[in-house]
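Take a look at the structure below.
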Amino acid sequence: MALLSFTITWLLLFQQNINAEYYTAVIDITKAWRLSQELVSDLNSYIALEERRLNRIRKVVKVLDANGSISDASSTLSQQNNDLEEYLGNPINAYLTMKRLSSSWKSQISQLVDNVPNGFQKGDTDGSDYLNISDAQNTITMNTIRSRVKQHTDMLPGDNDISGAVDAILRLQSTYKLPARQLAYGQLIDNLSTPQLSAAQCLEVGRHAYSQGDFEQSEEWFRVAYDRLFDELEQKKEVDAQGTTIASDETEENGETEPTVGQILDYLAYSLGRQGRYAEALNVTRLLIEEEPTNTRAINNEAFYVEQIGRGEGRIGPNPRSQATSKHDQETELYESLCRNENPFPTVPSRHLTCQYYTPHAFFRIGPIKEETLNPDPRIVMWYDLIFPSEIEKIKELATPRLRRATVKNPVTGNLEVAFYRTSKSAWLPHSMTEITDQISQRIRAVTGLSLETAEDLQVGNYGLGGHYAPHFDFGRVSS
């Protein structure tokens, strides 16, 4: 009897640990209904979280959508490669595009996609313990998408690319003597407008110039950032007054944080101070203190500038441009003036500038070369239509997968290495690589009369943003 009592007790305890049979009691049905309401609440919370995640992904898609804008809400771009290359050849367009492609969401996108549920679990309501064919295919598709998203994300531009794009803007500004305001407000050159830079972007360009030790250029950009910030604040006031809302905040989409007045004034004061312009730095610092009364560093800087001015230190206004004295400086000034289409050379009488047909070899007897004399002494000529457009496209096709960052020879170590003063990629194509390269090589031999036996392979160069190669000579100098 004791054994029977123990067995019944054990069975009752066991029954409490298995799934309730709700149909056996009303109280259990009531409990099930309450559980269903909690489940509904939990599922609604889950849906809300999923919607937030999906909305973040939608923002990324909106930024990357090639059918929409690339750098500016008002400028659309077709997907033709030539149009794209021309568009991105503009350094402002390229900078803004890379800002979008490397914004803060890039570091989050893998996490967003990793959180995507497969959505196909074993054990359906019919009691199946396996995935059907359709579910299995969908799971494979989801995993493939995850893999592709991660791969493409890793290939997008990074911080170094942004830095290089800013370098290009500053280099072009310096070479062509363009005011920062003109660049920031989208007025690159006559008849060519570009997207405007935001206050945050102007501040970034200024900070980059500051980090390079170019305090005059950084000062110019900080002043423009200050003006742009007030432009943006005024635009927001107008939007608020109209009772409308902005559909999307571009600054947020680009992963940027709108700067404060204090931040810009702080950088501007430092740029002025580093130039020794203490009186101007003092005025800006006092504006900063008005904006941020508890800024201890600004208060200390104010005391420093007052002390320096009391000692008679400092100056007013930027440094006067020093005359180029060294041979290197003169050569740099010369090539930059040529870039600006200024002609520092004596004008050649037009009678010496001629065009003619040139037949250097029997190869050209049927179709002579079009030759233009650009300078009589030393004799400089230009040949036209030596390579056909179809050949150019084929050469580009061959070279593109072989492009590598161009290198220079270190004069000390003799090693080939990349250098900041040569921003390009290059590829080398052997003369006998294809029929096209062989034909071009034969044409070069015929037109120049030179042998290619000891010549290098055909070199194809692709210059990047503000791409340049600093003035140099391929031959050795006595001094080196």
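Here are some notes:
- Estimated inter-spin distance, Glu86 and Gln242, nm [label 7 Å along Cα→Cβ]: 3.2 nm
- Segment 266-310 and segment 337-365 have Cα centres spaced 56 Å apart.
- Summed residue charge, Cβ within 15 Å of Phe345's Cβ, Lys/Arg positive, Asp/Glu negative: -3
- At most 12 other Cβ within 10 Å, DSSP loop - trypsin sites (Lys or Arg not before Pro), segment 175-229: Lys177
- Computed from phi, the 3J(HN,Hα) profile of segment 146-155 under the Karplus parametrisation 6.51, -1.76, 1.60 (θ = phi - 60°) reads 4, 4, 5, 4, 4, 4, 5, 4, 5, 8 Hz, with x in place of Gly and Pro.
- When you count the other C-beta atoms within 10 angstrom of each residue and take the mean per peptide, 298-308, 263-273, 361-371 line up highest first as 263-273, 298-308, 361-371.
- Potential lengthening between Gln330 and Gln459 on full extension [0.36 nm per residue; Cα-Cα distance subtracted]: 43.5 nm
- Peptide packing for 38-45, 93-100, 49-56 was compared via the average number of neighbouring C-beta atoms within 10 Å per residue; ordered from the highest value, the list is 93-100, 49-56, 38-45.
- Within the shell defined by Cβ-Cβ distances under 9 Å, the residues around Gly262 carry a net charge of -3, with Lys and Arg each +1 and Asp and Glu each -1.
- Cα-based shape type of segment 387-480, given that a ≥ b ≥ c are square roots of the gyration tensor eigenvalues and the cut on a/c is 1.5: oblate
- Here Leu233 and Ala279 are evaluated by their C-beta separation; at R0 = 30 Å the FRET efficiency comes out at 0.60.
- A cut-off of 5 Å between modelled amide H atoms, ignoring neighbours fewer than 5 places along the same chain, links Val381 with Leu374.
- R0 of 22 Å, Cβ-Cβ distance Asn343-Asp385: FRET efficiency to nearest 0.05: 0.25
- Along its principal axes, segment 159-310 has C-alpha extents of 50, 43, 30 angstrom, given from the largest down.
- Checking the Cα-Cα distances for Lys394/Lys425; Lys62/Lys177; Lys177/Lys236; Lys59/Lys396 against a 26 Å cut-off, the pairs over it are Lys62/Lys177; Lys177/Lys236; Lys59/Lys396.
- In this calculation the C-beta distance from Thr30 to Arg56 is compared with R0 = 56 Å, giving a FRET efficiency of 0.90.
- Hz values of 3J(HN,Hα) by residue in segment 357-369 - Karplus curve (6.51, -1.76, 1.60), Gly and Pro given as x: 8, 10, 10, x, 7, 4, 4, 9, 5, 6, x, x, 7
- The packing ranking of peptides 457-465, 151-159, highest mean first, is 457-465, 151-159, where packing means the average number of other beta carbon atoms within 10 angstrom of each residue.
All of the numbers you see were taken from the coordinates with simple rules; none came from a lab. This structure is a prediction, so every number in the text was calculated from the model and none was measured. Cβ atoms come from the backbone with ideal geometry, glycine included; neighbour counts cover every protein chain shown.
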